[in-house]
């Protein structure tokens with residue numbers, strides 16, 4: 001039986017899910033979708049060997065990070081997996097033709113005390129066990145989603161990881177993939193606001209991908225959609241790769257990560273994790289996590305009950321072993337490498353930003369010069385009114401350097417002029433590329449380095 005081993009890391013909790021079951025039409029609730037993925041992850045190693053699989057309700061709750069005591073909701077979701085018919089392989093990647101198969105995802109399910117028994121049909125097992133095309137779904141990431149639409153979009157995008165974008169989906173097919181009933185949000189404006197925009201926001205907030213929808217129109221009607229894909233930059237903390245949540249407060253993000261680590265890696269129950277967070281300061285918990293992970297027993301695999309070992313470290317205030325001279329030298333080498341890498345990222349970002357600033361200034365100057373004589377005269381008169389106070393101040397303080405005739409050579413006035421042009425010239429606003437689009441002319445490595453540095457800078461400002 002597959003178990004949630006205490007030594008597994010979050011990155012290992014990945015389910016290889018067949019593309020047919022990702023690109024499927026269904027009306028799963030968020031809880032049903034999470035449970036479906038967790039059950040398959042749990043049973044995958046013995047999918048073909050066993051007719052029936054078992055998992056404790058506690059293990060299932062840990063896998064989906066369900067901390068409530070309402071096991072009736074789990075039961076109802078399992079019943080839904082039996083009765084909900086899904087359509088598979090809506091999109092055939094080879095022919096582009098819609099192929100159709102229908103089935104319930106579970107053949108049977110039974111709850112006997114604290115244990116859940118479940119089974120798949122023979123046809124389903126063959127399909128799920130031999131995925132020639134699959135997407136890797138991280139169960140830790142899936143646990144963070146708040147809506148079925150958000151998780152559905154993540155599953156349908158993760159299939160194309162490593163590519164610059166997904167394929168084009170026609171709107172009707174995409175509605176099915178998202179599980180939107182045919183009678184809901186029939187006007188695209190409503191569908192975009194209630195489904196598309198919110199699911200994109202969730203993927204960009206909670207997952208390891210950044211997605212941007214691209215719409216195709218025919219006669220003003222939106223007929224297809226695809227998604228531009230980018231990898232979210234990563235930051236290593238506590239020996240585990242944790243994804244940054246830019247839209248969540250830093251404090252809540254740290255608490256969520258700490259709770260997840262204690263449950264997913266250290267084997268604590270959700271209630272134990274909450275008790276630890278209540279009884280101990282975060283810095284103290286982090287210190288004991290480090291003590292446990294750097295202990296010889298842990299690193300040699302001798303810890304049989306990691307949850308108990310960790311709780312003992314908290315209760316008895318375990319202290320870190322003294323570092324040897326060699327380990328200190330190794331730490332210094334690692335720190336030096338990290339600083340060198342950060343400086344390289346910074347140099348790359350500054351070079352790109354300098355090039356972008358030069359491009360923007362040239363475009364502003366060209367746009368102003370391309371105005372007709374009448375428009376240019378009106379523009380300059382408006383600018384002099386706008387910058388009158390600044391011009392008077394500079395002429396007063398730097399009267400030996402600038403006059404009314406040469407005031408436009410002042411760096412301060414140049415900056416004001418460009419700012420004014422950006423605010424008042426529609427033709428300039430239409431032509432000026434945002435920095436994210438300007439990056440397209442650089443190599444993929446340079447773009448990724450720029451995004452990585454910007455993410456680091458936003459969370460840990462770098463002293464220049």
Problem set entry | Shape category assigned to region 247-321 from the gyration tensor of Cα positions, a/c cut at 1.5 | prolate
Exercise. Does region 354-416 come out rounded, prolate or oblate by the C-alpha gyration tensor, with a ≥ b ≥ c the root eigenvalues, rounded set by a/c under 1.5 and, if not, prolate when a/b is larger than b/c and oblate if not?
Worked result: oblate
Seminar exercise, completed: Output ordering of 293-299, 170-176 (per-residue mean of other Cβ within 10 Å, highest first) is 170-176, 293-299
Problem set entry | Global form of region 144-232, assessed from the alpha-carbon gyration tensor, a/c cut-off 1.5 | oblate
Problem set entry | Distance cut-off 16 Å, percentage of C-alpha pairs in region 298-360 lying past it | 71 percent
Problem set entry | Order by protection proxy (mean Cβ within 10 Å, highest first), peptides 152-158, 443-449 | 152-158, 443-449
Exercise. What percent does the relative contact order of region 144-232 come to when contacts are Cα pairs within less than 8 Å and at least six residues apart?
Worked result: 39 percent
Seminar exercise, completed: Most packed first (mean Cβ within 10 Å per residue), the peptides 264-274, 427-437 order as 264-274, 427-437
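Where a number appears in this text, it was derived from the coordinates with a stated rule and is not lab data. From a predicted model like this one, the values you see are computed outputs, not experimental measurements. Cβ sites come from the backbone with ideal geometry, for glycine too, and all protein chains shown count toward neighbours.
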